[in-house]
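The values are calculated or read from the model by the stated rules, or taken from the named source; none is laboratory data. Source: prediction; values computed, not measured. Counting neighbours? That spans all protein chains shown, and the Cβs are built from the backbone with ideal geometry, glycine included.
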Amino acid sequence: MPDEPPNDSHHRAACALLRELGLTADTDAPAPLSGHKSSLPIPCTGEDGRRYLLKYFIPPAESRFYPAEVRIEDYGRRETAFYRLLDTLDPERRHFPAPRTVLIDARDPPRFLMLERILAAPGPLAEVVGSDHVFELLERVRWIKAEALLGRRDFPVNRWDAVSYLDRVRMMYDPVVHAIGPRRWTRVLSAMEEALRWMETRAHTFVHGDFTEQNIVVDQDARPFLVDFERVGAGNEDHDFAWLLAHTERGGAWRARLLQRWFENRLGSRRIASEWGIRAAWIYLALRRLRVGQMLHQGADPTAEKNLALLDAALEGGRAAFPT
């Protein structure tokens, strides 16, 4: 099991669940991390020797801060609902690059999800996950149409479109205005309204919602897979690409190559709309990070400078945002 404090109730509950399911945690296997700390992913092995990944969904805690629009129990609902949908559309994963489903908890909200474990190729992400993998996944996830996610019972689909960005941004005024100042706030609203003008007529696409290198698994045959569908939704076709660029720790040359490849077939008004799609996602993400930093660190946020730089680049556009 991952190292946890002995009094950690979630860790104890996950261990009890493993015993209940007849599974043994693989202590020598690297455990993936949940970036938003909504689940405990645990590599494990069954009595038949097969390898699995158990995701134990962490229930809400009264003492923990959650953003206004977040319901922590919806992360588990969203991911289990997505895998049920995927099992209907593509049970053998011939089209969609995700692990196969083994078992889904029937409770609401669900306690766990058990998946096949994909054995990742050894090595650091920068060496294993290449740009071809990124663009293959961005292309393949479009196989699922946004309409397939909407209107399904017990599926709290995330909305990642210009209207949703703007609604979320407006909810952040009080916690972030002191961090960014009133002048930047005015620019934020103006930029989001311009983004809405360019994006509102575009058809919605499937959106992974947390498309980062950490959620890409490349197996030992160099095949890429996506994991962690707790933020899955519909909306802006540029959202996943923008999310990856904002989260990567690789240098400017890597980012520039990705941008050049992303825009190579986007010309004229389509290029402008795509730029606004990326900028709107960055504005939302930068403000969300600044809000969390403000709430947790009370004005001494160590990441504020980095997130203000992302916000300023998104507001400025042009070469400040897209140095290609």
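Specify the residue that is surrounded by the fewest Cβ atoms within 10 Å (Cβ to Cβ); the eligible residues are those in the stretch 67-107 that are touching a residue at least 60 places away in the same chain (Cβ under 8 Å) and not in a helix (DSSP H, G or I).
Ranking the qualifying residues of the stretch 67-107, first place goes to A68.
Condition test on A256, is it part of a helix (DSSP H, G or I), modelled with pLDDT under 95 and of a type in the set (G, A, S)?
yes
What number of residues within the stretch 213-231 satisfy the criterion of being surrounded by fewer than 18 Cβ atoms within 10 Å (Cβ to Cβ) and either in a loop (DSSP other than H, G, I, E, B) or over 21 Å from the mean Cα position of the chain (by Cα) (or both)?
Here the count works out to 4.
Only one residue in A256, A234, A280, A246 is more than 28 Å from E147 (Cβ to Cβ) and either within 14 Å of the chain's Cα centre (by Cα) or not basic (K, R) (or both), so which one is that?
Result of the check over A256, A234, A280, A246: A256.
For the stretch 300-314, indicate whether the set of residues that are in the same structural domain as A191 (by TED's automatic domain parsing), part of a helix (DSSP H, G or I), surrounded by 19 or more Cβ atoms within 10 Å (Cβ to Cβ) and touching a strand residue (DSSP E or B) at 6+ places or on another chain (Cβ under 9 Å) is non-empty.
no
Pull up the stretch 184-198, narrow it to residues that are more than 20 Å from G293 (Cβ to Cβ) and charged (D, E, K, R), then point me to the one that is surrounded by the most Cβ atoms within 10 Å (Cβ to Cβ).
Filtering the stretch 184-198 for residues that are more than 20 Å from G293 (Cβ to Cβ) and charged (D, E, K, R), the one surrounded by the most Cβ atoms within 10 Å (Cβ to Cβ) comes out as E194.
When the stretch 118-146 is examined, which residues are found to be acidic (D, E) and either in a loop (DSSP other than H, G, I, E, B) or in contact (Cβ under 8 Å) with a residue 40 or more places away in the chain (or both)?
E136
Pick from N236, N215: which is farther than 18 Å from S164 by Cα, in the same structural domain as R197 (by TED's automatic domain parsing) and in contact with a strand residue (DSSP E or B) (Cβ under 9 Å, 6 or more places away or on another chain)?
The match here is N215.
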